[in-house]
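Peer 1: Input: one structure, supplied below.
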Amino acid sequence: MDILDGKKIVLGVCGSIAAYKVAQLARDLTLAGAQVDVIMTEAATRFVGAATFQALTGRPVLGDMWALPENGAVGHVALGARADVVVVAPATANRIARIAAGMSDDLLTTTILATRAPVLLAPAMNPQMYASPATVANVATLRGRGYTVLEPDEGRMAEHVVGKGRMPEPHTLEGAIRALLGRSGPLGGYHVVITAGGTHEPIDPVRYIGNRSSGQMGYALAARARDLGARVTLISGPTAITPPVAVTLVRVETALEMQSALADAVADADMLIMNAAVADFRPIEAAEQKIKKRGDAGLTLHLVPNPDLVAGLADRREFFKVGFAAETNDLLANAQGKLERKGLDMIVANDAVLSIGQPEIALTLIDRGGVASLPQQPKATAAAALLDQIVARFQRWLLH
Ligand SMILES: Cc1cc2nc3c(=O)[nH]c(=O)nc-3n(C[C@H](O)[C@H](O)[C@H](O)COP(=O)(O)O)c2cc1C
């Protein structure tokens, strides 16, 4: 189930040009199953019409503290009291100041003062306003009180000024909301390291040996682990897909680079999911210059084996280890052999030909308790289902 499903989100929209971007966020959250109650400040209504949010969320847009429904179902504090998360986006300098000062003279400030839910603010303002001592102090005050205040992006602003103050894009806000909601999830407080994608083993400055791994599965696992509360480190080979928000991304190219990134990341890991398709071999050395074609003469590459990345971690701190086996033949036997040989707690096997670079996947899960399977499905849903299975085994492992 999507972590946003059934969640009650209060979305406070303030008077900034960036308000138009939040319409997309309201839509995405609603489509993911959340109940989104939009509170617009008076200034916000100068930028976007309430009808837009009403149509996108399917719920009345709130604004006037004095015009709440007569049955009292949504009292001036009730909205904050029942919220799972309160989001202020865009958060104006004015709003940030008022919240920091503890004011409660309209529905948004009152809701924030009355809520015990996590509060997320996405500032958006002119760079000078953001850098002004008053705003800097107010942001520090809010962070000190446990509010999550996102860093604005740097770049060109609406008034053609360039600097830091642009509101992060809607998908970044959604990732931050997911991470906040996940805090109390089953992986809350745990550090999960995930490797993803394939590696590139250089032949010369322009050529490499690679494989067809897209990284889709590993990225989807990372997003799900984040949603379940984990602090996620995603060590990724080169991919063409957008990384999930609110995870620590470490980009690598070769198996050896992945090995050293892994050594750093697992120092305080609780779980490692080795989803990357790490090259088994690499050219013994990469030519310094581009290798030229020489008439009809062929080219012989001398390959040497890459180290086994999981085996190299064997003596380190105890953590739950999940491996992947993409095989073209004898799937079960090969996967079972790998589970034992590498000292894994669990292995996820799939048919390489049917799945690598494809949108769908069927999975076989093997641990010392037996074999289970997940039916063929799109990788995003397969990743969510798989991570839930991994978490169940991780929780059993913790008890031992
Ligand atoms: C065209 C225009 C754009 C504005 N953009 C911003 C902005 O991006 N960030 C900001 O903090 N204030 C901005 N302001 C000023 C706020 O709208 C003003 O401070 C307002 O009182 C904020 O009210 P609110 O915090 O209740 O929404 C803008 C004002 C105008 C006229």
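The values are calculated or read from the model by the stated rules, or taken from the named source; none is laboratory data. Fair warning: this is a prediction, and the values are worked out from it, not measured in the lab. Here Cβ is always computed from backbone atoms with ideal geometry, including for glycine, and neighbour counts include all displayed protein chains.
Peer 1: Looking at MET157, MET167, can you tell me which residue is within 16 Å of the ligand (Cβ to nearest atom) and at pLDDT below 95? Break it down stepwise before answering.
Peer 2: On the way: MET167 fails: at pLDDT below 95.
None of the other options fit; the residue is MET157.
Peer 1: For region 298-312, indicate whether the set of residues that are exposed (fewer than 13 other Cβ atoms within 10 Å of the Cβ) and over 30 Å from PRO202 (Cα atoms) is non-empty.
Peer 2: Scanning region 298-312, I find no residue that is exposed (fewer than 13 other Cβ atoms within 10 Å of the Cβ) and over 30 Å from PRO202 (Cα atoms), so the answer is no.
Peer 1: Here is a follow-up. Out of the residues in region 26-49 that are assigned to a helix (DSSP H, G or I) and away from the ligand (no atom under 16 Å from the Cβ), state the one that is surrounded by the most Cβ atoms within 10 Å (Cβ to Cβ).
Peer 2: So in region 26-49, the residues assigned to a helix (DSSP H, G or I) come out as 26-31, 44-46.
Filter once more, so that each one left must be away from the ligand (no atom under 16 Å from the Cβ): 26-31.
On the way: ALA26: 27, ARG27: 17, ASP28: 18, LEU29: 25, THR30: 19, LEU31: 11.
This residue is ALA26.
Peer 1: Another question, then. If I ask for residues that are assigned to a loop (DSSP other than H, G, I, E, B) and surrounded by fewer than 24 Cβ atoms within 10 Å (Cβ to Cβ), which ones from region 1-23 would you list?
Peer 2: MET1, ASP2, ILE3, LEU4, ASP5, GLY6, LYS7, GLY15, ILE17
Peer 1: With the requirement that a residue be more than 11 Å from the ligand (Cβ to nearest atom), crowded, with 19+ Cβ neighbours inside 10 Å and assigned to a helix (DSSP H, G or I), what does region 111-137 give you?
Peer 2: Within region 111-137, THR111, ILE112 meet the criteria.
Peer 1: Can I ask one more? Tell me, please, whether a residue that is within 16 Å of the ligand (Cβ to nearest atom), at pLDDT below 95 and either surrounded by 19 or more Cβ atoms within 10 Å (Cβ to Cβ) or of a type in the set (D, E, K, R) (or both) can be found in region 98-105.
Peer 2: Yes, that holds for at least one residue.
Peer 1: Hey, another quick one. Can you pull out every residue in region 171-210 that is more than 16 Å from LEU387 (Cβ to Cβ), surrounded by fewer than 20 Cβ atoms within 10 Å (Cβ to Cβ) and more than 12 Å from the chain's Cα centre (by Cα)?
Peer 2: Hits for region 171-210 are ARG183, SER184, GLY189, PRO202, ILE203, ASP204, PRO205, VAL206, ARG207, TYR208, ILE209, GLY210.
Peer 1: How many residues does region 362-377 hold that are in contact with an Asp or Glu (Cβ under 9 Å, 6 or more places away or on another chain) and at pLDDT below 90?
Peer 2: Of the residues in that region, 1 qualify.
Peer 1: For region 50-62: of the residues being exposed (fewer than 14 other Cβ atoms within 10 Å of the Cβ) and assigned to a loop (DSSP other than H, G, I, E, B), which is farthest from the chain's Cα centre (by Cα)?
Peer 2: In this case the residue turns out to be PRO60.
Peer 1: Still on this model: Any residue in region 165-186 that is closer than 16 Å to ALA225 by Cβ and outside the structural domain of ALA89 (by TED's automatic domain parsing) sitting within a Cβ distance under 6 Å of a residue that is part of a loop (DSSP other than H, G, I, E, B) and within 15 Å of the ligand (Cβ to nearest atom)? List the pairs, counting only those 6 or more apart or interchain.
Peer 2: Going by the 6 Å Cβ cut-off, there are no qualifying pairs.
Peer 1: Going by the conditions given, is VAL192 outside any loop (DSSP other than H, G, I, E, B), assigned by TED's automatic domain parsing to the domain that holds ILE347 and modelled with pLDDT of 95 or more?
Peer 2: yes
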